[in-house]
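Some notes on the structure that comes next.
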Amino acid sequence: MSEFPIAMNRRLMLAATSSAFAALLTGGCATAEDAPGAPLPLGPLRPDPQGLLDLPVGFSYRVLSRLGDAMSDGGTVPDSADGMGCFALADGRIALVRNHELRVNQDGGGPLGQGFDRRGDGAVLPGGTTTLVLDPGGTRVERQYRSLAGTIRNCAGGITPWGTWLTSQEDVTRQTRTPSLQRQPDARPDQLGAQSPRLAPVREHRITGLRS
């Protein structure tokens, strides 16, 4: 697992939280469907010539990582990116920890040498996280690599006040398709995980030292 020094303190946490709530209050949760014909708060979206992301005037984006890109550890960027956290490193660089919601039988971006748990055939489960380390300007990827493997369908996540990343598995069964609770009305969480008793629903990333 990769570890980084985190520039995290109470003031930074409160500032980030306040900014998030301010954005919610400013933009609200309404959609265009909720108010047909209402102008967008930041202006109309301009069609993106690349067909990736339409943005208002004055906004831009930069693609940092794509599915299948070669990573620094010899693997490739896996599919199904999901929840992601951004960490300010003590030396001014930035770390992005990214979940991958991969099912048991999906490709994890190449052979995985080690991980938290394995399939019945011995292969490391493909879910987990990848980490990108960006330059202080946040525009150039210095390296990216697997930082967690051996889990299933890592969906939601969150940054803790003490500078770690919590990655949560949406499903801990070994089924290749999402189980339906409607077909199993009496199923309890412990029963759903019975096929993988060693698999925890939440894993914690410590981001406290720098990978060489």
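FYI, it's all coordinate maths here, none of it is from the lab. Because the structure is a prediction, the values reported are computed rather than measured. Note that we place each Cβ from the backbone using ideal geometry, even for glycine, and neighbour counts take in every protein chain shown.
So which residues in segment 90-126 are over 16 Å from VAL77 (Cα atoms), surrounded by 15 or more Cβ atoms within 10 Å (Cβ to Cβ) and in contact with a Pro (Cβ under 6 Å, 6 or more places away or on another chain), if there are any at all? Listed by number, the list holds a single entry, ARG93. Would it be correct to say that GLY122 is out of contact with any helix residue (DSSP H, G or I) (no Cβ under 6 Å at 6 or more places or on another chain) and without any contact (Cβ under 8 Å) to a residue 12 or more places away in the chain? Yes. Restricting attention to segment 143-155, the residues that are within 17 Å of GLY85 (Cα to Cα) and surrounded by fewer than 22 Cβ atoms within 10 Å (Cβ to Cβ) add up to 3.
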